[in-house]
Amino acid sequence: MSRERLQRRKGGTRATTAQPSRKGRRSSRAAGPSPFWGPRTYPWPDRAGKFGRFGGRFVPETLMFALEELEAHYAKVRDEPTFRAELNQLLHNYAGRPTPLYLAERVSEDVGLRVYLKREDLAHTGAHKINNTLGQVLLARGMGKRRIIAETGAGQHGVATATACARFGLPCTIYMGSEDIRRQALNVFRMKLLGAEVVEVAQGSRTLKDATNEAIRDWVTNVETTHYIIGSVVGPHPYPMIVRDFQSIIGYEARAQFAEKEEEGPGALLACVGGGSNAMGLFFPFLGDPGVEMIGVEAAGEGLGGRHAASLVAGEVGVLHGSLSYLLQTPDGQVEVAHSISAGLDYPGVGPEHSHWKDTGRVRYTSVSDADALAAFHTCSRLEGILPALETAHAVVEAMRIAAKMHKDDVVVICFSGRGDKDCFEVARLEGEEI
């Protein structure tokens, strides 16, 4: 929250410039580009696929043609009325958008200010991932790619990919680490019900990083017939841009919905960050609003001095899975094993645009431990009757933390990225209960 805004709310007179009427500010916030597509004045990525010094393409030569083909096809169709109309129709009638912006009254009372939840858990498949997979399946179909592969950690991207492929009758292979298969057995069963082949990856840490490695190997081998649906704002250009654009519908909806509910914009936006797609989706449409603080919440795991997955908070710059970003690595440059109670945050890297935002200071990144996330899982469930995904619970913790530092009349918005059904077996196991 800006100092001027805080002074206004406390009755001060620090702001000396004339302020537009509340009605005028409300109308201006509701206006803006249509969902999915960022403002044309935003300069990133540049022609080289970079976000400042981050991003780019660090891939085998075999994949360069596929990336160039995808970039060219996306540039061609992103503004075509037929493409946009078909995607809009799918998002509305199939995925259930727009998702609600819900005032969590009992959580708000508990923390001492108004807390809104952007309810991505109510989208079809139970998370924000469907926004991206529907768009990318349309791109694959337009390029004549008849086979789809993907990686998944928490399983939500795998389920969303399998769902989109079932909708269009495309064969689908999902790579998933054996540790994540154990933690997310329900989502594995859902993927198989939807017709996907789930390939278990038993190498390395047996989590998302290793599943991504195997998916890339498959893609290199079958690049002419296969489209790889990357699930987050990571990977080589143009993937971070494409996933950002498809997920930005979250923020464009939230911006318009908030304008109908409140007279001033939110004081802060919060979202968990693994690869970073749900945070990117919420934050991107608010970039031009300097009074809105944005906070990305990583997984501190067992603590930043031990096992964790906080690439932005405690990592260094390096190359992982095709792009330059912050990541966890050893002094000799080897990728570290990440850890989080949540399979969706258990990744040793992060998207290049988030890395750029960290360096520019536009977004503040922090971290939350396993223990605190688990406590928030219970708190949100009991206060609101809504089970958050363990990933989402990290953002709920941070909202509770910052509430003490904000004015009681301020408002925060949490990207409620997914529902917690998938985590119940793991939470029960950790707490010594048997389901």
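The values are calculated or read from the model by the stated rules, or taken from the named source; none is laboratory data. Note that the coordinates shown come from a computational prediction; the quantities given were computed from them, not determined experimentally. All Cβ positions, even for glycine, are placed from backbone atoms using ideal geometry, and neighbour counts span all protein chains on display. Please note that ligands, DNA and RNA were not included when accessible areas were found on the heavy atoms of the full protein model with its side chains. Shrake-Rupley method; radii C 1.70, N 1.55, O 1.52, S 1.80 Å.
Would you kindly state how much longer the chain becomes between residue 359 and residue 217 on full extension, computed as 0.36 nm times their sequence separation minus their alpha carbon distance, in nm to one decimal?
Details: separation 142, 0.36 × 142 = 51.12 nm, distance 3.17 nm.
Extending this stretch completely gives an extra 48.0 nm.
Using only Cα atoms, locate the centre of region 160-217 and the centre of region 264-299, then give the distance between them in Å, rounded to an integer.
28 Å
So how much accessible area does residue 161 have, in Å² to the nearest 10, using a 1.4 Å probe?
0 Å²
For residue 362, what accessible surface area do you get with a 1.4 Å probe? Give it in Å², rounded to 10.
For residue 362, solvent-accessible area is about 60 Å².
Taking a ≥ b ≥ c as the square roots of the eigenvalues of the Cα gyration tensor of region 59-100, is the shape rounded (a/c under 1.5), prolate (a/b larger than b/c) or oblate? Walk me through the intermediate numbers first.
Working: a/c = 4.42, a/b = 2.19, b/c = 2.02.
Because a/c hits 1.5 or more and a/b exceeds b/c, region 59-100 counts as prolate.
Give the lysines reachable from residue 405 as a straight Cα distance under 25 Å; neighbours fewer than 8 places away on the same chain don't count.
Hits, sequence-local ones excluded: 10, 118, 261, 358.
Just 331, 238, 45 to compare: in a GNM of the chain, with alpha carbon springs under 10 Å, which one fluctuates most?
Judging by the Gaussian network model, the answer is 331.
At a Förster distance of 41 Å, what's the computed FRET efficiency of residue 430 paired with residue 263, Cβ-Cβ distance as r, to 0.05? Don't jump to the answer; show the numbers that get you there.
Details: r = 43 Å, r/R0 = 1.04.
With a Förster radius of 41 Å, E is 0.45.
Report, in deg cm²/dmol and to the nearest 500, the calculated mean residue ellipticity at 222 nm for the chain, where each DSSP H run with n ≥ 4 adds -39500 (n - 2.57) and the sum is divided by the residue count. Mind showing how you got there, number by number?
Working: 18 runs with 183 residues, N = 435.
Mean residue ellipticity at 222 nm (helix-derived): -12500 deg cm²/dmol.
Roughly speaking, what % of Cα-Cα pairs in region 283-353 are separated by over 20 Å, rounded to a whole number?
In whole percent, the long-distance tail amounts to 35.
Residue 189 to residue 167: FRET efficiency via 1/(1 + (r/R0)^6), r the Cβ-Cβ distance, R0 22 Å, to the nearest 0.05?
Details: r = 19 Å, r/R0 = 0.86.
After rounding, the FRET efficiency stands at 0.70.
Kindly point out, ordered by number, any Cys in the chain whose beta-carbon has no other cysteine beta-carbon under 4.7 Å away.
272, 380, 415, 424
Residue separation times 0.36 nm, minus the C-alpha to C-alpha distance between residue 53 and residue 199: what's the value? If you can, show how the numbers build up before the last one.
Numbers: separation 146, 0.36 × 146 = 52.56 nm, distance 3.47 nm.
Gain in length upon complete extension: 49.1 nm.
For the ranges 308-319, 173-184, what's the packing order if you count other beta-carbon atoms within 10 Å of each residue, average per peptide, and put the highest first?
Working: 308-319: 21.6, 173-184: 23.6.
With the highest mean Cβ count within 10 Å placed first, the list reads 173-184, 308-319.
Which of rounded, prolate or oblate describes region 253-392 when judged by the alpha-carbon gyration tensor and an a/c cut-off of 1.5? Could you put the intermediate results ahead of the total?
Values: a/c = 2.47, a/b = 1.31, b/c = 1.88.
It is oblate, given that a/c is not under 1.5 and a/b is not larger than b/c.
Averaging over every viewing direction, what projected area does the convex hull of the Cα atoms of region 330-435 cover, in nm²?
Over all viewing directions, region 330-435 projects a mean Cα-hull area of 9.1 nm².
Hey, if we sort 378, 157 by accessible area with the 1.4 Å probe, largest down, what's the order?
Order by accessible area, largest first: 378, 157.
Among 294, 143, 280, which one moves the most in a GNM of the chain with springs linking Cα atoms closer than 10 Å?
Highest fluctuation of the listed residues: 143.
Working with all protein chains in place, sort 61, 353 by solvent-accessible area computed with a 1.4 Å probe, largest first.
Putting 61, 353 in descending order of accessible area: 61, 353.
Work out how much length residue 421 to residue 307 would gain on full extension: take 0.36 nm times their residue separation and subtract the Cα-Cα distance, in nm to one decimal.
Details: separation 114, 0.36 × 114 = 41.04 nm, distance 2.54 nm.
Working it through step by step, the gained length comes to 38.5 nm.
Along the Cα→Cβ direction, 7 angstrom out, place labels at residue 404 and residue 287. What is the inter-label distance in nm?
The answer from the label model is 3.4 nm.
Which of 237, 82, 383 sits farthest toward the positive end of the charge dipole of the chain, with +1 on the Cβ of Lys and Arg and -1 on the Cβ of Asp and Glu?
82
Could you work out, for region 215-300, what percent of all Cα-Cα pairs fall into each 5 Å distance bin, beginning at 0 Å and stopping at the bin that holds the largest distance?
Spelled out per bin, shortest first, that is 3, 14, 19, 20, 15, 11, 8, 5, 3, 2, 0.
Using a Gaussian network for the chain with springs between C-alpha atoms less than 10 Å apart, which of these wobbles most: 278, 131, 222?
Highest fluctuation of the listed residues: 222.
Any idea what % of Cα-Cα pairs in the chain are farther than 35 Å? Please list the in-between numbers first.
Working: 21710 of 94395 pairs.
For the chain, the share of Cα pairs beyond 35 Å comes to 23 percent.
Give the angle, between 0 and 90 degrees and rounded to the nearest 10, that separates the Cα long axis of helix 129-142 from the longest principal axis of the Cα atoms of the chain.
Roughly 50 degrees between the two axes.
How far is the Cα center of region 42-59 from the Cα center of region 109-142, in Å?
Here the answer is 25 Å between Cα centres.
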